[in-house]
Amino acid sequence: MLRRGSLVLGVTVAALACVGSAGAAVQPTARDVASTAGIAANVNDLYGSPLVLDYDNDGVSDLLLSRHQVAGAQLFHGSADGSFALVQTLPVADRHGCGAGDFDGDGYADIYCALGADDGTSATKANELWLQDPQSTGAPFALVDGAWGAVDPTGRGRVVSAFDANEDGLTDLFVGNAVKNVYPSPNRLYLNTGTRFVEVVSSVINKSRGLCAAPADYDEDGDMDFFACGTPNHLYRQNADGGWTDLGKALGLSPEQPSRDADWVDIDRDGDLDLVQTSVKTLRIFYSDGAGGFSLGLARTVVAGRAASLADVDADGDDDLYVVQSKSNTASNMPDILMMNSGDGRTFTDYVGLPRATTGSGSSVETMDYLGRPAFVVTNGGAASVNGPRQLIVFDPPPTG
């Protein structure tokens, strides 16, 4: 049965019927284990996607979870038994996206967070650099005054992506900002020197409105590129001389409605990276042609699209797609969608029985490993003054035999 309002181009979207009969797939069982894991809360996390990291290199995922401007973000240490323990609470701030990377080269993850600027009316705020001291017996992370030069005092910080932009072995930063109000608020690219961040001043990159950032060497030329959601969307291709060219419009990756989230993935398993874009009304998959170009292969209508993430939840070798929906014109949180990949990356079936958050407003989702199984961390406080539950949705394999 086609979902009401679905627009399908070259794909099939239908309800998944899994009864275990001959020839029928048997779906894994989805459970929300946030309470038993110790991270459950009913909070407002309008900004700040869950940050999944392994800060102590013990092979178990840890979490930094937002409580935007109401309470401090919480750092949870994950244990091998599936439980999480609160180890540090960051100060209350207009903290939005955070990214993790080994900025100081000591082999341990550090954290950088982008802050808002009082709706663009402040010129004195400072983004945060939290360096880890692995020998500390107290809080693992300490705030660095001046953030190594990446304070961005007027930027209305929204998202952070930490990656090696210039292939020198050091972790750099892209900071996406909201549009200007009173003071300048362009997107920023900071290169890491090992002890300081130096901004790349570029009319190509210093555009306004960065709602997402997804780095990847999409054209496989050995140089890192990255996609950024904006108005329009941007695909920043790195040139041989280290400069950047924005190919978002030229390659057809900037539809009329700007994206809120994006992910690179080889969803059709042909060896090339495809691009998944999530906007308020449409989920799109652009398939790579293997020669640096893309074609739109799926455009699915959603009600209130907010974010998406990917994981192989049924362990069949291909990536499945979780889509978070927020409040629409209804009183309740819209149900999220889990699109199960049939194997070709072009035909999907909807998972039946996904745990639903009926309160709050869908905000964000990130993929993580939980006890050796794929899981999604989902937040639901995605509207001003609206609280919603945190979810940790894990997938148990179906019974054998």
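The values are calculated or read from the model by the stated rules, or taken from the named source; none is laboratory data. Everything numeric in this text was worked out from a predicted model, so none of it was measured. Every residue, glycine as well, gets a Cβ built from its backbone with ideal geometry; the counts of neighbours run over all protein chains shown. These accessible areas exclude ligands, DNA and RNA; they are computed on the full protein's heavy atoms, side chains included. Shrake-Rupley method; radii C 1.70, N 1.55, O 1.52, S 1.80 Å.
Decide, for the stretch 215-278, between rounded, prolate and oblate: order the square roots of the alpha carbon gyration tensor eigenvalues as a ≥ b ≥ c, take rounded if a/c falls under 1.5, and otherwise choose prolate if a/b is larger than b/c, else oblate. Note, shape of the stretch 215-278 comes out oblate.
Between residue 315 and residue 257, the C-beta separation translates, for a Förster distance of 30 Å, into a calculated FRET efficiency of about 0.30.
Pulled fully out, how much extra length does the chain show between residue 56 and residue 239, if you take 0.36 nm times their separation in residues and subtract their Cα-Cα distance? Spell out each step's value before the answer.
Working: separation 183, 0.36 × 183 = 65.88 nm, distance 3.57 nm.
Result: 62.3 nm gained on full extension.
Of 385, 35, 203, which has the largest mean-square fluctuation in a 10 Å C-alpha GNM of the chain? Among 385, 35, 203, the largest mean-square fluctuation in the Gaussian network model of the chain belongs to 203.
Note that the stretch 119-126 has calculated 3J(HN,Hα) couplings of 6, x, 9, 10, 10, 10, 6, 9 Hz, one per residue in order, obtained from phi through the Karplus relation 6.51 cos²θ - 1.76 cosθ + 1.60 (θ = phi - 60°); glycine and proline are x. One Cα centroid belongs to the stretch 280-335, the other to the stretch 19-91; the line between them spans 21 Å. Between 142, 40, 250, the Gaussian network model of the chain with springs among Cα atoms under 10 angstrom shows the greatest mean-square fluctuation at 250.
Take the stretch 274-350 with all the other protein chains still there, run a 1.4 Å probe, and you get 30 Å² of accessible area per residue. At full extension, residue 182 and residue 119 could sit 21.8 nm farther apart than now, given 0.36 nm per residue minus the alpha carbon distance. Mean separation of Cα pairs under 8 Å and 6 or more residues apart, divided by the residue count, gives the chain a relative contact order of 16 percent.
Just the number, please: carbon plus sulfur as a percent of the accessible area of the chain, 1.4 Å probe, no ligands or DNA/RNA counted.
Details: 8100 of 15990 Å².
Accessible surface attributable to carbon and sulfur in the chain totals 51 percent.
With all protein chains kept in place, the per residue accessible area of the stretch 147-189 amounts to 32 square angstrom at a probe of 1.4 angstrom.
Fully extended, how many nm does the chain gain between residue 221 and residue 208 (0.36 nm per residue separation, minus their Cα-Cα distance)?
Values: separation 13, 0.36 × 13 = 4.68 nm, distance 2.76 nm.
Fully extending the segment from residue 221 to residue 208 adds 1.9 nm.
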